[in-house]
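What follows is calculated from the coordinates using simple rules that are stated; it is not laboratory data. No experiment lies behind these values; they were computed from the predicted model shown. Neighbour counts run over all protein chains shown; Cβ positions are idealised from the backbone, glycine included.
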Amino acid sequence: LSLASLTDGLGLARSSFPSVQAQSLIRALNLFPDHDVNLIDGADAGDSLSSADPNKRLVEKRFT
Amino acid sequence: MPNLADSGVSVEDLGHHAGYYKIEHSYAAKMFYLFFESRGSKKDPVVIWLTGGPGCSSELAVFYENGPFSIADNLSLVWNQYGWDQASNLLYVDQPTGTGFSYSSDKRDIRHNEYGVSNDLYDFLQAFFAEHPNLAKNDFYITGESYAGHYIPAFAARVHRGNKAKEGIHINLKGFAIGNGLTDPAIQYKAYTDYALDMGIITKTDYERINKVVGPCEVAIKLCGTDGTVSCMASYFVCNIIFSSIIARAGNINYYDIRKQCVGSLCYDFSNLEKFLNQKSVRASLGVGDIEFVSCSHTVYQAMLLDWMRNLEVGIPTLLEDGVKLLVYAGEYDLICNWLGNSRWVHAMEWSGQKEFVASPEVPFLVDDSEAGVLKSHGPLSFLKVHNAGHMVPMDQPKAALEMLKRWTQGTLSETVAEPEKLVAQM
């Protein structure tokens, strides 16, 4: 049996595509992130590490 | 935190930290993490939690599973009396790069496999323990769920390898726990139809028809092995036909918890997470600057496509032989990473104690004198089927999940005698 004949009629089409799966995963949790991934332009994002001594590899702050 | 007074601690007592780490072997990646000191003792073990997806942020678990607090409808925080920080110094990391508040300015930092993911986590741990040398001697445990069934064995093996090679700071790795995880796809994909039939999600006719894809799926996964590339992508497409076919027949079923239906396309409502973490005051508190919060990343999910069907079970026997504990647990109503598939790979795993583990009896896992699950264990290996829970065990059964963590880290998980009886026995 070919795979095509096995899958024929199972109503699969696009549903096995990773992009569809990813979308379904995220929507199932009622989440709608504004960006697909956290990639930024430029190195300085104003976070605690960017604004620290450039030699520091880790910056940690206590919060309440 | 409106119910802080009930928690028995004051704000000043809470050691809550947020930080960024510049990933060493990257172009420009920075990893965000949250660290909650134990509400018990500083000597409690250090536990790291990894959220799956792949591509979902660790904050999902912080606020909806086992973190110190959850988010109320008015976006205030409510104390979680069963947070895992009751028994551990608890770490959550947004990983792989690109999820949550972890970010990079260079797209080459997006990870495609467990080699990249585990090295980033290992580098982070080294930096974390350098920052907290007082915690470096504590017992260390790796935990997580779902796709973390891939991350966890790879990360545990990386830590173990680093320790053996005397790289950097010695990490006192005592165990790793996988909750409703995807670890050995060949076995777990084959189990989908059996679980679905057992649970009445599909008919016998559906079962026989869908099972015709199992053979090609197995062949494709075999070709993928532990380090395949194109064959792994092919097996993703072939094998997901099994899962998609079941879902197509099951209607609006919530595949994380088959007792529930999904309303529209929504199975859960975690939307307060995005609302809460995008507030200016919260962002300022966490020190995330201009970085947006990406709750789950499409791109990271797709970047891990070649990794999906790889078998991560292969690295586990070495860890067991060296005395590192493994707990595999699974909520009984999850379909996507169901208990049956997990139980089968755990039983099929070849290690020196396999025969004894297979022969070991199932015993009740008692919490408050009622059966919260069924446990099998031998030596360093334990398998726990958790009752009345879906994919997210700490969300569905918070008390049982905390009890599981406590007993497992304290080495008393397989002691089946209920607490009062134990006291009488000791008297």
key: Distance between the stretch B:58-134 and the stretch B:267-317 - C-alpha centres, whole angstrom   = 9 Å
ask   = Over what distance in Å are the Cα centres of the stretch B:351-373 and the stretch A:49-64 separated?
value = 45 Å
inquiry  = Strictly greater than 37 Å: what percent of every Cα pair in the protein assembly as shown meets that?
reply    = 24 percent
request  = Would you mind ranking B:ASP368, B:ASP257, A:ASP41 by Cβ crowding within 10 Å, fewest neighbours first?
outcome  = A:ASP41, B:ASP368, B:ASP257
ask   = Setting aside same-chain residues fewer than 8 positions from B:LYS260, which lysines have a Cα under 16 Å from its Cα?
value = none
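Give a quick list of trypsin sites (Lys or Arg not before Pro) in the stretch B:135-192 that DSSP marks as loop, anything other than H, G, I, E or B, with at most 15 other Cβ atoms within 10 Å. If you can, show how the numbers build up before the last one.
Numbers: sites: B:LYS137, B:ARG158, B:ARG161, B:LYS164, B:LYS166, B:LYS174, B:LYS190; in loops: B:LYS137, B:LYS166.
Passing sites in the stretch B:135-192 are B:LYS137, B:LYS166.
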Rounded to whole Hz, the Karplus (6.51, -1.76, 1.60) HN-Hα couplings of the stretch B:406-414, x for glycine and proline = 4, 5, 5, 6, 8, x, 10, 4, 8
remark   = Amide H proximity to B:SER38 below 5 Å, modelled H, separation 5+ or other chain, gives B:ASN89, B:LEU90
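As a quick test, which of the pairs B:LYS137/B:LYS164; B:LYS355/B:LYS399; A:LYS56/B:LYS42; B:LYS164/B:LYS406 have an alpha carbon distance above 24 angstrom in this structure?
Working: B:LYS137/B:LYS164 16 Å; B:LYS355/B:LYS399 32 Å; A:LYS56/B:LYS42 26 Å; B:LYS164/B:LYS406 27 Å.
Correct reply: B:LYS355/B:LYS399; A:LYS56/B:LYS42; B:LYS164/B:LYS406.
Please arrange B:HIS160, B:HIS298 by how many other C-beta atoms lie within 10 Å of their C-beta, fewest to most.
On the way: B:HIS160 18, B:HIS298 22.
The order, fewest Cβ neighbours first, is B:HIS160, B:HIS298.
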ask   = Got a sec to turn the phi values of the stretch B:143-156 into Karplus ³J(HN,Hα) couplings, 6.51 cos²θ - 1.76 cosθ + 1.60 with θ = phi - 60°, whole Hz, x for Gly and Pro?
value = 9, x, 8, 6, 5, 5, x, 8, 4, 4, x, 5, 5, 4
ask   = Averaged across the residues of B:23-31, what count of C-beta atoms belonging to other chains lies within 10 Å of each residue's C-beta?
value = 2
message = Tell me the relative contact order for the stretch B:131-172 as a rounded percent, counting alpha carbon contacts under 8 Å between residues six or more apart.
response = 51 percent
Amide H contacts of B:ASN254 (H built 1.01 Å from N, under 5 Å, at least 5 apart or other chain) = B:LYS260, B:GLN261, B:CYS262
query = Which lysines does B:LYS190 reach when only Cα atoms under 17 Å apart count, and residues fewer than 8 places away in its own chain are ignored?
reply = B:LYS204, B:LYS212, B:LYS222
inquiry  = Relative contact order for chain B: what percent, with Cα pairs under 8 Å and sequence separation of 6 or more?
reply    = 17 percent
task = Would you please calculate the Kirkwood hydrodynamic radius of the stretch B:230-387 over all C-alpha pairs and express it in Å, rounded to one decimal?
result = 19.3 Å
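How do B:THR299, B:THR97, B:THR51 rank when sorted from fewest to most other Cβ atoms within 10 Å of their own Cβ?
Details: B:THR299 20, B:THR97 30, B:THR51 27.
Fewest-to-most ranking of B:THR299, B:THR97, B:THR51: B:THR299, B:THR51, B:THR97.
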task = With r as the distance between the Cβ atoms of B:SER285 and B:GLU350 and R0 = 60 Å, compute the FRET efficiency 1/(1 + (r/R0)^6) and round to 0.05.
result = 0.80
task = Give the Rg (one decimal place) followed by the Dmax (whole number) of chain B, computed from C-alpha coordinates and expressed in Å.
result = 20.9, 64
key: CD proxy at 222 nm, helix term only [per DSSP H run n ≥ 4: -39500 (n - 2.57); per residue of chain B; nearest 500]   = -11000 deg cm²/dmol
task = Quote the convex hull volume per residue of the stretch B:305-375, based on C-alpha atoms, as a whole number of Å³.
result = 120 Å³
Among beta bridges that DSSP assigns inside the protein assembly as shown, antiparallel share in %, nearest 5 = 55 percent
